[in-house]
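The values are calculated or read from the model by the stated rules, or taken from the named source; none is laboratory data. Everything numeric here is computed off the predicted structure, so don't read it as measured data. Methodologically, a virtual Cβ is constructed for each residue, glycine included, from the backbone with ideal geometry; neighbour enumeration extends over all protein chains shown.
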Amino acid sequence: MARITEMIREATGGSRLGRAGMAQVFADQVGTTGSTVSRWRDGVIPGPQWRATLAEALGVTEDDIDEASGPTVTLEEVSAKLDHIIELLERRRR
């Protein structure tokens, strides 16, 4: 799980008790919905358009947000990995 998820969970209260209320307070602070914050808490990584806003709300730098969000993988890298896997599977069939 990405550290950004943990940072958002901490900012919105770690327990389920009051979780929805804290998520809504955080959502209002960053300008989104409570359901979006709940998805972030559940592991969905916020998009790059949220970097500056989240950094300010969490009291960290934008670089911290980038690092906490985990590595970025390009479509080309994913495609190359899938091509490699397909090639390996085809070899096994032979």
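I'd like the residue in region 28-52 that is among the β-branched types (Val, Ile, Thr) and more than 14 Å from the chain's Cα centre (by Cα) and, out of all such residues, is nearest to Glu10 (Cα to Cα).
Going residue by residue through region 28-52, those that are among the β-branched types (Val, Ile, Thr) are 30, 32-33, 36-37, 44-45.
If we keep only those that are more than 14 Å from the chain's Cα centre (by Cα) too, we end up with 30, 32-33.
Numbers: Val30: 15, Thr32: 18, Thr33: 18 Å.
Top of the filtered list is Val30.
Quick test for you: out of Arg39, Arg51, Arg91, pick the one residue that is basic (Lys, Arg), loosely packed, with under 11 Cβ neighbours inside 10 Å, modelled with pLDDT of 85 or more and out of contact with any Phe, Trp or Tyr (no Cβ under 8 Å at 6 or more places or on another chain). So that I can check it myself, show each step before the final result.
Details: Arg39 fails: loosely packed, with under 11 Cβ neighbours inside 10 Å; Arg51 fails: loosely packed, with under 11 Cβ neighbours inside 10 Å.
Exactly one residue qualifies, and that residue is Arg91.
Report yes if Ala27 is touching a helix residue (DSSP H, G or I) at 6+ places or on another chain (Cβ under 7 Å), on the phi < 0 side of the Ramachandran plot, at pLDDT 85 or above and surrounded by fewer than 14 Cβ atoms within 10 Å (Cβ to Cβ), otherwise no.
Taking the combined requirement at face value, the residue does not satisfy it.
Does region 1-22 hold any residues that are modelled with pLDDT of 70 or more and either under 13 Å from Leu54 (Cα atoms) or under 15 Å from the mean Cα position of the chain (by Cα) (or both), and which are they?
Arg3, Ile4, Thr5, Glu6, Met7, Ile8, Arg9, Glu10, Ala11, Thr12
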